[in-house]
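I have placed the structure first, in the form of structure tokens, so that the comments after it can refer back to it.
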Amino acid sequence: MFDILDMGASGLTAQRTRLDTIAENLANVYTTHNAKGEKEAFKRRFVVLGSGRADDKAKAGVHVQQIKLDPAPPIPKYEPGNPDADANGYVNYPNIDMSIEYINALEASRAYEANVTMMEVSKSMINASLRLIA
Amino acid sequence: MFERLLNQTNAPVLERMLKFTAARQKLLAENVVNISTPGYKQKDLSLEKFQGMLRERIEQRDHGGLGSTSFDDLEAQLENPQRGMLFHDGSNRSMEQLMTDQAKNALMHNFVIELLRKQFQTMEMALKDRPV
């Protein structure tokens, strides 16, 4: 039964990674340069979850399979004075929809909470079983 | 003598029930953990079917006398319930259903534990010849 707690922990880690990714997207919603300083709009990231624990896929749980880049093209905005603008005066902004990110964040935090509740209940069940002895 | 003392009560039935609730809790937790996993199929054990199996054994024991029937081989079968809405990613998750099921399961678990405790207490009282 103690295994349930490890499984819950794998869920917490996965949902937290998902929230981290969403926070990264929101932080970079106007980023027009990449890490090397070149002109490239930030690409939206998202996690792909898979069942099975990260250290051992045979064990029940969940893990982040990979963090993928959204292939959607950047959104050009007409800003002629901007130093990042191209010859026609357009600046490429990341294709990130704030409302989608917010909804995903909400979903991730709810799933996180559900995992915590599940672990609390399982803990109380383990405690009750231990009381059989005492 | 102790073997008979333990096996002639309802303790074996309660013990099986505990194993069942523990196993079911694990599956429900696995479903919650995989709530956002695409293509994940929900797993569950059927309480109704398991109770049916238990009832059958209890009736069998009632005919054969106490201690005549073993409960040790009773095992609930893993199922993939098809209830609820199937989402586009192939998962039929329902957080509300899962949380209700796990609440009921935990209540059942604690209830069975209380019954077992009471039974052990009674036994202890008999052994010590005074209330504990």
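Table for the structure above
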| item | result |
| --- | --- |
| Failed item, numbered, when B:Gly84 is tested on (1) closer than 27 Å to B:Gly39 by Cα; (2) at pLDDT 80 or above; (3) out of contact with any strand residue (DSSP E or B) (no Cβ under 8 Å at 6 or more places or on another chain) | (2) |
| Per-region count, segment B:28-45, residues open to solvent by less than 20 Å² (accessible area, probe 1.4 Å), more than 8 Å from every other protein chain (Cβ to nearest Cβ), without any contact (Cβ under 8 Å) to a residue 60 or more places away in the chain and not hydrophobic (A, V, I, L, M, F, W, C) | 2 |
| Verdict on B:Gln25 being assigned to a helix (DSSP H, G or I), without any contact (Cβ under 8 Å) to a residue 60 or more places away in the chain and either open to solvent by less than 70 Å² (accessible area, probe 1.4 Å) or of a type in the set (Phe, Trp, Tyr) (or both) | no |
| Meets criteria (over 25 Å from A:Tyr112 (Cα atoms) and within 14 Å of chain A (Cβ to nearest Cβ)) for B:Leu18 | yes |
| Contacts under 8 angstrom Cβ, first residue in segment A:115-133 being at the interface with chain B (Cβ under 7 Å from one of its Cβ atoms) and open to solvent by less than 60 Å² (accessible area, probe 1.4 Å), partner hydrophobic (A, V, I, L, M, F, W, C) and in a loop (DSSP other than H, G, I, E, B), 6 or more apart | A:Ser122/A:Met1; A:Met125/A:Met1; A:Ser129/A:Met1 |
| Looking only at segment A:8-35, and only at residues there that are among the polar types (S, T, N, Q) and touching a helix residue (DSSP H, G or I) at 6+ places or on another chain (Cβ under 6 Å), the one that is surrounded by the fewest Cβ atoms within 10 Å (Cβ to Cβ) | A:Asn25 |
| Some residue of segment A:3-14 being β-branched (Val, Ile, Thr), under 13 Å from the mean Cα position of the chain (by Cα) and away from chain B (no Cβ under 14 Å) | no |
| Residue ID - farthest from the other protein chains (Cβ to nearest Cβ), chosen from residues in segment A:37-74 that are among the aliphatic types (A, V, I, L, M) and assigned to a strand (DSSP E or B) | A:Leu69 |
| Qualifying position, being farther than 29 Å from A:Tyr112 by Cβ and at the interface with chain A (Cβ under 10 Å from one of its Cβ atoms), among B:Arg117, B:Arg61 | B:Arg117 |
| When residues of segment B:81-98 are limited to those that are in contact (Cβ under 8 Å) with a residue 40 or more places away in the chain and part of a helix (DSSP H, G or I), the one surrounded by the most Cβ atoms within 10 Å (Cβ to Cβ) | B:Leu98 |
| Single residue of segment B:52-80 satisfying the filter (under 12 Å from the mean Cα position of the chain (by Cα) and within 14 Å of B:Pro12 (Cα to Cα)) that is most open to solvent (accessible area, probe 1.4 Å) | B:Glu75 |
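The values are calculated or read from the model by the stated rules, or taken from the named source; none is laboratory data. In this text the structure is predicted, and so the values were computed from the model without any measurement. Neighbour counts run over all protein chains shown; Cβ positions are idealised from the backbone, glycine included. All accessible areas refer to the heavy atoms of the entire protein, side chains included, with ligands and DNA or RNA removed. Shrake-Rupley method; radii C 1.70, N 1.55, O 1.52, S 1.80 Å.
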